[in-house]
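Would you mind keeping the following structure in view while I ask a few things?
The values are calculated or read from the model by the stated rules, or taken from the named source; none is laboratory data. Worth saying up front: this structure is predicted, and the values here are computed from it rather than measured. The protein model used for the area step is the full one, side chains on, heavy atoms only, and it has no ligands, DNA or RNA in it. Shrake-Rupley method; radii C 1.70, N 1.55, O 1.52, S 1.80 Å.
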Amino acid sequence: MERKGISRNWLGLIVLALFVAFPFVLALLTGQPVNVGTPKFWQGMVIQI
């Protein structure tokens with residue numbers, strides 16, 4: 001029974017992990033620090049979701 005509960009939550013966990021990783025991935029792609037410029041802007045956008 002517990003496996004059904006975990007399998008239902010995989011999508012939510014994956015989405016959460018993507019939201020957390022997004023600013024860091026964007027910082028790697030742009031070469032800017034996470035707390036300055038484009039990554040900071042998009043981190044603010046993700047927080048509002």
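Could you please state how large a percent of the accessible area of the chain is carbon and sulfur, counting protein chains only and using a 1.4 Å probe?
Details: 3060 of 4340 Å².
Here it works out to 71 percent.
Residue-wise, which Karplus ³J(HN,Hα) couplings in Hz belong to region 16-25, taking 6.51 cos²θ - 1.76 cosθ + 1.60, θ = phi - 60°, and x for glycine or proline?
So the Karplus estimates, Gly and Pro as x, are 4, 4, 5, 5, 5, 7, 3, x, 6, 5 Hz.
Follow-up. Counting only heavy atoms of protein chains, what accessible area per residue, in Å², does the chain have with a probe of 1.4 Å?
Details: 4340 Å² over 49 residues.
Value for the chain: 89 Å² per residue.
Next question. Can you sort Phe41, Phe19 by 1.4 Å-probe accessible area, starting with the largest? Don't jump to the answer; show the numbers that get you there.
On the way: Phe41 110, Phe19 85 Å².
Largest accessible area first, the list is Phe41, Phe19.
Also: When you take every Cα atom in the chain, what is the radius of gyration, and what is Dmax, the widest Cα pair distance, in Å?
Rg then Dmax for the chain, in Å: 14.4, 46.
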